[in-house]
Structure formats: C-alpha cells, structure tokens
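> Please see the structure below; I have some questions.
The numbers here are math on the coordinates, done by the rules we state, and not lab data. In this text, all values refer to a predicted model and were calculated from it rather than measured experimentally. Glycine also receives a Cβ, built like all others from the backbone with ideal geometry; neighbour counts cover every protein chain displayed.
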Amino acid sequence: MNKLQFESLNQMADATAAALAQGAAGFAFHLFRDEQFRRLAGFEQLSQTEQDRIFNEMVVAHVVLIMLALEAPDLRIASEFHDYLAGLNKRIPKAYVDHLRNLGVETRHLRDWEKLIAMRHEEYSRDRHDVRAAAMQVESSGKNLDLDSLSKIQMLVPVQAVAIGCHHHVCRGDTKGHDEVFKLTLKSLSKFYVDIRVRLEGGKITPLTRARVALKRILRCKHKETE
C-alpha cells in the first residue's frame, strides 16, 4: 500500500478496507490452524461442515472487531479523521465479501456472509453494554474507579464483547469446560485489536498511518481547490 498513490478519499478507503478485511481473515486462519486450539475444540470429532462453521464464526469475529474498533469513542485520532473512519467502517463488510468473491465463492453464499456480518455486528455492539457494566462492577470491587481504570475498561470493551460472543457461537452455546478455547480466542482477537488500534492511532509507520498522511495531503488539496 505504501507504493500506491491515492487520487481520492474513496480510493484510499477502499484499499484500506480491503487490507483490513484480509488481515482479519489471516488472523482467524492462524487461530483456526493452531494445534492447541484444534485439540481443545475437539476438531477430530467434528465434521468438516462443523469445522467450516467454526472458521466462519472466527473470521466474522475478527471482521466485526475492525468495525467496533473504528467506532470506539475513545479512539485517539484527530477530529478531521472521524468522517473518514466512519466511511471506512461502512466499507469493511463489502471488502470481505469482495475478497470472497475474488476467491470464487458463489453469489448465494456471499449473500449469507453479508447477513452474518450484519447480524454479528448488531449482536456484539449490543453486548458491549453488558460487558462494560460487568467490567466496571469487577474493577470497582473494594475500590473507587478512577479515570485510568475507566479508560482501560472502555478500551477493552470491544475485544471482550467479541471474544465472549465468538466463543459462545463456536461452542454452540455450550461453553462450560471450554475456558481454554476462550483464552486462545481472546488472545488472537486481542493481538488483532491492538494491531488495529496502534495503526489507527499512529503508533508506528504502517500502511494505515501512511494512509493518514495521504488523507491530510488530499484534504489540503481539496481545501486549496475551494479557496
């Protein structure tokens, strides 16, 4: 992406969304192929159809986590980037569906993916409220919550909500005795989430931080055109 010259905000957003969507699939596949995860999830006893279902849930979890990260109210970005990230967020589902289309997935299955992403996004967004409340209750036990504690809770809410929901669906609601599966799922999602946050907040030079530089350049050009 660092070699691309973006001519418009839409072009830049499309390229960034595609990179993020493919990154989500990569993280999910890495977890799916993890020997410890497969052993703990009892893959040897599962049909191929059930394994495919689990993989789909893991991919969707990582895709939705991107969307929740982009929506995070505590995201430390300059105010002029809010509209851009809102537009980028809307492109994420389509970017992953387009990725599947390029892999040769049939149209009828693509529609199912669109519905699944939308459904999980709604579900995990709703679950954030319960996760935040539970975290605050645990954190406040025996002490008063300060701004630092509240900030940490707020930052971790998206990844915790997605991890809990994904674990529930992977286990088909029967999560008892599968704590280690949850820990591995949370670990993968946490790494991905931190990577997204660092990129978005400019913690290091990455394709996304370079995109932010390109955005500033485009905005400056557009401003000059209107003067």
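> Rank Leu88, Tyr124, Pro73 by how far each Cα sits towards the positive end of the charge dipole of segment 42-136 (+1 on Lys, Arg Cβ; -1 on Asp, Glu Cβ) and give me just the farthest.
Of Leu88, Tyr124, Pro73, it is Leu88.
> Explain nothing, just the number: dipole magnitude of segment 8-88 about its Cα centre with +1 on each Lys and Arg Cβ and -1 on each Asp and Glu Cβ, in debye rounded to the nearest 20. Write out the running numbers ahead of the final one.
Numbers: 5 positive and 11 negative charges, 42 e Å.
That gives a dipole near 200 debye.
> Could you sort 83-96, 25-38 so that the peptide with the highest average Cβ count within 10 Å comes first and the rest follow in order? Let's see the in-between values first.
On the way: 83-96: 18.6, 25-38: 16.1.
Final packing ranking: 83-96, 25-38.
> May I pose another question? May I ask you to derive the FRET efficiency for Glu180 and Glu80 from their Cβ-Cβ distance with R0 = 30 Å, giving the value to the nearest 0.05?
Working: r = 44 Å, r/R0 = 1.46.
That gives a FRET efficiency of 0.10.
> Out of the GluC sites (Glu not before Pro) in segment 45-134, which ones are loop residues according to DSSP with at most 11 other C-beta atoms within 10 Å? Don't skip to the answer; put the middle values down first.
Working: sites: Glu50, Glu57, Glu71, Glu80, Glu106, Glu114, Glu122, Glu123; in loops: Glu106.
Counting only loop positions with at most 11 other Cβ atoms within 10 Å, the GluC sites (Glu not before Pro) in segment 45-134 are Glu106.
> In nm, to one decimal, how far is the modelled label at Val194 from the one at Arg33, with both set 7 Å along Cα→Cβ?
Using points 7 Å along Cα→Cβ, the separation is 2.2 nm.
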